[in-house]
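The structure under discussion appears below in the form of C-alpha cells.
Derivation of every value follows stated rules applied to the coordinates shown; laboratory data play no part. Bear in mind that the values here come from a model prediction, so they are computed numbers and not experimental data. Here the Cβ is made from the backbone with ideal geometry for all residues, glycine too, and neighbour counts use every protein chain on show.
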Amino acid sequence: IEVVPVDYEPRVFYNPELRTTQFLVPGLVGFILMLTAVVSTALSVVREKERGTMEQLRVTSLTPAELLIGKTLPPLLIGHAHATLYVLVAVFLFQVPFRGSLLLLYASLFVYLCAVIGVGLFLSALAQTQQQAILGAFLFMAPAVILSGFATPIENMPEWLQTLTYGNPLRHFLVIVRGSFLKGLPAEEVFDRLVPM
C-alpha cells in the first residue's frame with residue numbers, strides 16, 4: 001500500500017493578509033463608543049446632583065420620561081457623530097474594507113448606544129459624586145472589555161465565564177461591527193445580535 005502525503009493549505013477567508021488592523025480597528029469603534037457614552041452620561045446626571053440643579057429640574061413641568069430623553073439624546077447624537085468619524089478613519093486611513101450595510105450598522109449602533117447609555121444612567125442614579133460615577137464607569141467597563149472578545153476569543157474562556165458574556169452589549173456589537181467590516185454580515189445575524197442588547 002502506497003501512502004500518499006496529504007498536502008494542506010490553510011486559508012483565511014475574511015482577512016487573507018492577516019493584518020491586525022483589520023481585526024482591531026473595527027473593535028475599537030465599539031470600545032471607544034462605550035467609553036465615551038458611559039462616562040459622559042454618568043457624569044451629566046451626577047453633575048446635576050452635585051450642583052443642586054436636579055431638584056430644580058424635578059419641580060419643573062418635565063415628566064421623568066422627558067428628563068430621561070433629555071439626558072439620553074445628546075450622548076446618542078454625539079455617539080453617532082463619533083461612529084461616523086471612526087468608520088471613515090477605519091476605511092480611508094487604515095484601509096479596512098467595509099463590506100456590509102451602513103443602514104444595518106447604524107441601526108445596530110443606535111441599539112448599542114441606547115444599551116450603554118442606559119448603563120451610564122444607571123450608574124449616575126447610584127452615584128452621589130462625579131468621582132463615584134467615574135469609578136463606577138471603569139468598574140463596569142474593565143470587565144465588559146475583557147469579557148467582550150475584544151482582545152481574547154470568548155471560546156477560550158471557561159464555560160461559566162462564557163455564560164456571563166451574554167449580558168455584555170459590547171460582545172454583541174463587536175460581532176456586528178467586525179462582521180459588517182470584514183464579511184458583510186447578513187441582516188438575520190445582525191438581528192440575532194440586536195435582541196440581547
Checklist entry - Against the longest principal axis of the chain, how steep is helix 20-51, in degrees 0 to 90 to the nearest 10, with axes from Cα atoms? => result 10 degrees
Checklist entry - For region 1-113, what are the per-bin percents of Cα-Cα distances with bins 5 Å wide, up to the bin holding the maximum? => result 2, 9, 15, 16, 12, 10, 8, 7, 6, 5, 3, 2, 2, 1, 1, 1, 1, 0, 0
Checklist entry - Which distance in nm do the two modelled labels at ILE78 and ALA65 give, with both placed 7 Å along the Cα-to-Cβ direction? => result 2.6 nm
Next on the checklist: Between LEU28 and GLU189, what is the label-point separation in nm under the 7 Å Cα-to-beta-carbon projection?
Outcome noted: 2.4 nm
Checklist outcome for this item: Note, region 114-119: 3J(HN,Hα) by Karplus (6.51, -1.76, 1.60, θ = phi - 60°), whole Hz, Gly/Pro = x, goes 4, 5, 6, 5, x, 5
Checklist entry - If packing is taken as the mean number of other Cβ atoms within 10 Å per residue, what is the order of 54-67, 25-38, 127-140, highest first? => result 25-38, 127-140, 54-67
Checklist entry - Over what distance in Å are the Cα centres of region 35-101 and region 1-25 separated? => result 41 Å
Checklist entry - So if we plug the beta-carbon distance of VAL91 and LEU135 into 1/(1 + (r/R0)^6) with R0 = 35 Å, what FRET efficiency do we get, rounded to 0.05? => result 0.45
Checklist entry - Dividing the alpha-carbon Rg of the chain by 2.2 N^0.38 Å yields what? => result 1.24
Checklist outcome for this item: The answer for the net charge of residues other than VAL96 whose Cβ lies under 11 angstrom from its Cβ, with Lys and Arg +1 and Asp and Glu -1, is +3
Checklist entry - Each residue of region 124-137 in order: what ³J(HN,Hα) in whole Hz does its phi give by Karplus 6.51 cos²θ - 1.76 cosθ + 1.60, θ = phi - 60°, with x for Gly and Pro? => result 5, 5, 7, 7, 10, 10, 5, 5, 5, 5, 5, 4, x, 5
Item to check | Charge-dipole axis of region 1-90 as Lys and Arg at +1 and Asp and Glu at -1 on Cβ define it, positive-most pick from LEU18, ALA37, VAL89 | outcome: ALA37
Checklist entry - Going by alpha carbons, how many degrees (0 to 90, nearest 10) lie between the helix axis of 169-182 and the longest principal axis of the chain? => result 50 degrees
Next on the checklist: Using a Gaussian network model on the chain with a 10 Å cutoff between Cα atoms, which of ARG178, ARG51, ARG99 fluctuates the most?
Outcome noted: ARG51
Checklist outcome for this item: So, with points 7 Å from each Cα along the Cβ direction, the ARG19-GLU55 label distance in nm works out to 5.8 nm
Checklist entry - So what is the relative contact order of the chain, in percent, for Cα pairs below 8 Å that sit 6 or more residues apart? => result 33 percent
Checklist outcome for this item: Scoring only Lys, Arg, Asp and Glu (+1, +1, -1, -1) among other residues with Cβ under 15 Å from the Cβ of ILE146 yields 0
Next on the checklist: Can you give the local net charge around ARG47? Use residues other than it whose beta-carbon is closer than 15 angstrom to its beta-carbon, Lys and Arg +1, Asp and Glu -1.
Outcome noted: 0
